[in-house]
Amino acid sequence: MRITEIYASVQGETQYTGLPCTLVRTTGCDLRCGYCDTAYAFYGGKDMTLDEIVAEVRRLGAPLVLLTGGEPMLQREIVALSERLLADGYRVMIETSGAHPVDVLPAEVIRIVDVKTPASGESHRIRWEVLDGLRPRDAIKFVVTDERDYQWAAEVIRGRDLAGRAEILISPVHGRLDPRELVGWMLRDRLPARLTLQLHKYIWGADAQGV
């Protein structure tokens, strides 16, 4: 597999925020979101075998593992890696754009689907059928830059009855949208969603990598 980095931190922006977690960041993505904060994972990285990846996850020791990117669903070995980690007793999550089917993954893998909002420039790439297969333990995430993005997300959440399907997460783009504004809109509209902030950026700073 092509891997950009593997490191231990706390989970920063899912329903498991704050829990110790090992992040396995794959290299390569077929989207170019306008607010992407991990463009360094588009290229480069290094080839690692499944044995090497699992050994590093074991060395780091966190019981929770997030497969992220880049776009991890582009990696041919992602299913095999998930199976290996589950067999070793880890709780495994994957963060994906929703532009690729996830039903090939083991059922035990927690899916976090990041639905791209209009400001990303990639909102047309979502495969809505991916959301149809999600379960209450999974999550649907929206990252918003302004009220236009927020209104779009709110219409999708309500129009597709997503709150009854999976955990709904909504997050402001760090440094571009004041979280207080987003909270105000959520309370005003009684939006059935959980606010998430990128916790790692508040701890280590917006530009830190490997944390």
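The values are calculated or read from the model by the stated rules, or taken from the named source; none is laboratory data. Keep in mind that this is a model prediction, so the values were computed, not measured. Reconstructed Cβ throughout: ideal geometry from the backbone, glycine too, with neighbour counts over all protein chains shown. Ligands, DNA and RNA are excluded from the accessible area calculation, which covers all protein heavy atoms including side chains. Shrake-Rupley method; radii C 1.70, N 1.55, O 1.52, S 1.80 Å.
The residue that is least open to solvent (accessible area, probe 1.4 Å), among those in region 54-95 that are part of a helix (DSSP H, G or I) and among the basic types (Lys, Arg), is Arg84.
Residue under question is Asp149, and the condition is that it be surrounded by 22 or more Cβ atoms within 10 Å (Cβ to Cβ), part of a helix (DSSP H, G or I), among the acidic types (Asp, Glu) and at pLDDT 95 or above; does it hold? Yes; evaluated as a whole, the condition is true for this residue.
Within region 192-209, residues that are over 23 Å from Tyr150 (Cα atoms) have Cβ atoms under 9 Å from residues that are of a type in the set (Ser, Thr, Tyr) in these pairs: Ile203/Ser9; Trp204/Ser9; Gln209/Tyr7; Gln209/Thr38; Gln209/Tyr40, counting only partners at least 6 apart in sequence or on another chain. The test for being small (Gly, Ala, Ser) and in contact with a Phe, Trp or Tyr (Cβ under 9 Å, 6 or more places away or on another chain) does not hold for Gly44.
For Ala99, state whether it is assigned to a loop (DSSP other than H, G, I, E, B), on the phi < 0 side of the Ramachandran plot, in contact with a helix residue (DSSP H, G or I) (Cβ under 7 Å, 6 or more places away or on another chain) and surrounded by 14 or more Cβ atoms within 10 Å (Cβ to Cβ). Even if it seems obvious, please write down each step before you answer.
Values: assigned to a loop (DSSP other than H, G, I, E, B): yes; on the phi < 0 side of the Ramachandran plot: yes; in contact with a helix residue (DSSP H, G or I) (Cβ under 7 Å, 6 or more places away or on another chain): yes; surrounded by 14 or more Cβ atoms within 10 Å (Cβ to Cβ): yes.
Yes.
The set of residues in region 117-142 that are in a loop (DSSP other than H, G, I, E, B) and either of a type in the set (Phe, Trp, Tyr) or open to solvent by 30 Å² or more (accessible area, probe 1.4 Å) (or both) comprises Gly121, Arg127, Gly133, Arg135, Pro136, Arg137. Screening His200 on (1) farther than 23 Å from Asp138 by Cα; (2) modelled with pLDDT under 95; (3) not hydrophobic (A, V, I, L, M, F, W, C) shows it passes everything except condition (1).
Return the residue satisfying two criteria in turn: it lies in region 114-141 and is without any contact (Cβ under 8 Å) to a residue 40 or more places away in the chain and in contact with a Leu (Cβ under 8 Å, 6 or more places away or on another chain), and of such residues it is farthest from Thr22 (Cα to Cα). Out of the qualifying residues, it is Leu131. Taking first residues from region 56-70 that are β-branched (Val, Ile, Thr) and partners that are assigned to a loop (DSSP other than H, G, I, E, B), the Cβ contacts under 9 Å between residues at least 6 apart in sequence or on separate chains come to Val57/Asp88; Val57/Tyr90; Val65/Tyr90; Thr68/Thr38.
Being over 20 Å from Val104 (Cα atoms) and assigned to a helix (DSSP H, G or I) is the filter here; which residues of region 42-53 pass it? Scanning region 42-53 gives Asp51, Glu52, Ile53.
Listed here are the residues, each with its yes/no results for (1) open to solvent by 40 Å² or more (accessible area, probe 1.4 Å); (2) in contact (Cβ under 8 Å) with a residue 24 or more places away in the chain; (3) more than 18 Å from Arg58 (Cβ to Cβ); (4) assigned to a strand (DSSP E or B).
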position: Tyr7; (1), (2), (3), (4): no, yes, no, yes
position: Gly12; (1), (2), (3), (4): no, yes, yes, no
position: Thr22; (1), (2), (3), (4): no, yes, no, yes
position: Arg25; (1), (2), (3), (4): no, yes, no, yes
position: Leu31; (1), (2), (3), (4): no, yes, yes, no
position: Tyr35; (1), (2), (3), (4): no, yes, yes, no
position: Tyr40; (1), (2), (3), (4): yes, yes, yes, no
